[in-house]
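What follows draws every value from the coordinates through simple rules; no lab data is involved. Remember, predicted model here, so these are calculated numbers, not experimental data.
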Amino acid sequence: MRGIWSGLGGIITVMAMILSFIFIGDGMPTEEPSELASYLDDFEGLWVHALIVVAAAGLVWFATALHRVTGSLVAVGSLCGAAALLLICDVILLAPTEAAQLDAFTPDVSSLEVWDTAAYFALTNAHVLVGFAAIAFGAEVLRQSLPAWLGWFSVVTGVIGLASAAFFPMLVLWLWLVVTGAVLMARPVEVVERGTRRAQERMTA
């Protein structure tokens, strides 16, 4: 009996995000113009772009798993919105580094700091939407055939993830993506879908 392999999308997203953070490093240095110019010259923009695109695609694939299990349009819509915000973050992050390759480009610390801040909040807002998805998924799980602990775990991590502007709650959401993805892959799809149908029948009876 096969599992729901689209759950792998959540794990792929987390792996891609971790690697992109490694390439980004400590972020854009905005105190010394010389350090900023060196950072822009050395920035691995192509790798970061590819990894963010993979992370966004992983979220969309993971959304299909949640829809298959619970049918929650809130969870699916939130994850797709999060994927869109990741791509917007990608554009905001890479625009200054690509512009730096032009001969006429002059690094301006103040304006680049605005770009860097905008990219950060696009990233954190993407995670807020993942938090909404976790809450919606957890609420549905509590009424269906998946383990109840997964439902409560999803709700709690989703609520914590709403504070992703503080950065560390994002890590909690990464844990949710990995754990939920692993559970969906390990649990036979026939058992999940059979339990989901029974739950839906009880709701409509």
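Quick notes
- Derived scalar couplings ³J(HN,Hα) [segment 156-162; Karplus, 6.51 cos²θ - 1.76 cosθ + 1.60; whole Hz; x for Gly, Pro]: 5, 5, x, 5, 4, x, 5
- Karplus-derived HN-Hα couplings along segment 12-18 (A = 6.51, B = -1.76, C = 1.60, θ = phi - 60°), whole Hz, x at Gly and Pro: 4, 4, 5, 4, 5, 5, 4
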